[in-house]
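Asks: First the structure, then my questions, so here it is.
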Amino acid sequence: MLKYLWLSLLVVVLDQASKHYADRVLDYHQPVTVIPGLFEWYLSYNTGAAFSFLASAGGWQRWFLLALALVISTLLIGWMRKLGPHEKLTAIGLALILGGAIGNVIDRALLGHVIDFIQVWLGSYPWPAFNLADSFITLGAVLLIGSGLLDRNKEQTDP
């Protein structure tokens with residue numbers, strides 16, 4: 001199922017293009033309202049992991065998170081390689097996660113931080129800023145869960 005790696009490449013290209021554009025046109029930490037109270041463009045740089053975990057760790061986290069992402073990416077490719085032709089949904093989910101992970105790895109390796117620029121509000125509380133790579137990782141995870149549930153239901157209904 002490595003034939004779905006084109007999807008990973010597409011995710012990387014879309015992610016990097018959107019980050020480059022956001023970094024060029026948005027002012028750091030200056031929100032641009034798109035839908036009042038719900039959605040805005042908000043440029044920020046994350047030196048940590050998800051939700052800025054380890055962001056203030058002093059610099060070592062860059063290399064740790066970079067190495068971790070590369071190991072996980074290698075494992076995802078290995079998993080994709082072992083999939084059967086009937087496991088398309090799983091392959092697509094893994095390809096989306098892989099592309100998102102590589103998109104963030106590129107930022108971390110070249111810049112020392114990940115560019116985030118999407119801000120969603122939950123009432124009066126802002127969700128941590130994120131980017132397209134994060135969105136594709138989330139979508140891929142949802143597809144993996146769905147694939148697992150479908151496979152489990154199929155096993156239970158097969159005689």
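Asks: Highest mean first, what order results for 27-40, 132-145, 94-107 on Cβ atoms within 10 Å?
Replies: Descending mean neighbour count gives 94-107, 132-145, 27-40.
Asks: With point charges of +1 on the Cβ of Lys and Arg and -1 on the Cβ of Asp and Glu, referenced to the Cα centre of the chain, which listed residue (S73, L143, L122) lies farthest in the positive direction of the dipole?
Replies: S73
Asks: Let me ask you something else. Write down the percent of antiparallel bridges among all DSSP beta bridges whose residues are both part of the chain, to the nearest 5.
Replies: 90 percent
Asks: If you line up the Cα atoms of the chain on their principal axes, what length do they span on each, largest first, in Å?
Replies: 58, 35, 27
Asks: Treating only the Cβ atoms of Lys and Arg (+1) and Asp and Glu (-1) as charged, compute the dipole magnitude of the chain about its Cα centre; round to the nearest 20 debye.
Replies: The calculated dipole for the chain is roughly 400 debye.
Asks: For Cα pairs less than 8 Å apart in space and 6+ apart in sequence, what is the mean separation divided by the residue count of the chain, i.e. the relative contact order in percent?
Replies: Here the relative contact order equals 32 percent.
Asks: Here is a follow-up. From the square roots a ≥ b ≥ c of the eigenvalues of the alpha-carbon gyration tensor of the stretch 73-112, which class results: rounded (a/c under 1.5), prolate (a/b over b/c), or oblate?
Replies: prolate
Just so you know, all these numbers are worked out from the coordinates, no wet-lab data involved. In this text the structure is predicted, and so the values were computed from the model without any measurement. Note that we place each Cβ from the backbone using ideal geometry, even for glycine, and neighbour counts take in every protein chain shown.
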